[in-house]
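Nothing in this text is a laboratory measurement; each read-out follows from the coordinates by a stated rule. From a predicted model like this one, the values you see are computed outputs, not experimental measurements. Every residue, glycine as well, gets a Cβ built from its backbone with ideal geometry; the counts of neighbours run over all protein chains shown.
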Amino acid sequence: MTAKKSAEVIIDGKVYTLSGYEEEGYLQKVGTYINNKINEFNEMDEFRRLSADTRHTLIALNIADDYFKAKESVDKYEFDMEQKEKEIYDLKHDLISDQIKIENLEEKIKTLEADKQELLVHKSKLEASLEDALLGGIQD
């Protein structure tokens, strides 16, 4: 298992030590995200007039909203990806089926060409024997 890592981050002007199995850069990114959310809300005058508990709750609700929207987007992309994978599987199956049909048709073409050659030879023989019969009947 990966070793637990820690990183000191500043959130809303206070230093916090975040710990986790992620890299320090990721932990800093989390802190930056939280700071950006806090700054986004602090820009609103009406937000600053609210109690600290209400402000924290609104920020938590906003972060939860971001999370669920991102999760919904990921779920949609995963569903789309599964559909595309199924479509690719079906297309590969169709391709293999078509390749088998082509191979069978190519074999049939070879057989028909061989039959055609035999018929051409037979035709030539028949024409030659007819010519001989006609010429032989004239010469007699």
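Among the residues of the stretch 9-26, write down those that are of a type in the set (S, T, N, Q) and within 38 Å of the chain's Cα centre (by Cα). S19 - this is the single residue of the stretch 9-26 that is of a type in the set (S, T, N, Q) and within 38 Å of the chain's Cα centre (by Cα). Looking only at the stretch 46-61, residues that are of a type outside the set (K, R) and outside any helix (DSSP H, G or I) come to 2 in all.
For the stretch 13-32, the candidate set comprises residues that are in a helix (DSSP H, G or I) and β-branched (V, I, T); within that set, the residue that is farthest from T2 (Cα to Cα) is T32.
Any residue at all in the stretch 39-58 that is surrounded by fewer than 10 Cβ atoms within 10 Å (Cβ to Cβ) and hydrophobic (A, V, I, L, M, F, W, C)?
Yes: the stretch 39-58 contains one or more residues that are surrounded by fewer than 10 Cβ atoms within 10 Å (Cβ to Cβ) and hydrophobic (A, V, I, L, M, F, W, C).
For K101, the stated conditions hold: it is surrounded by 10 or more Cβ atoms within 10 Å (Cβ to Cβ) and farther than 21 Å from Y16 by Cα. Screening D90, D66 for residues that are touching a helix residue (DSSP H, G or I) at 6+ places or on another chain (Cβ under 9 Å), in a helix (DSSP H, G or I) and acidic (D, E) leaves exactly one candidate, D66.
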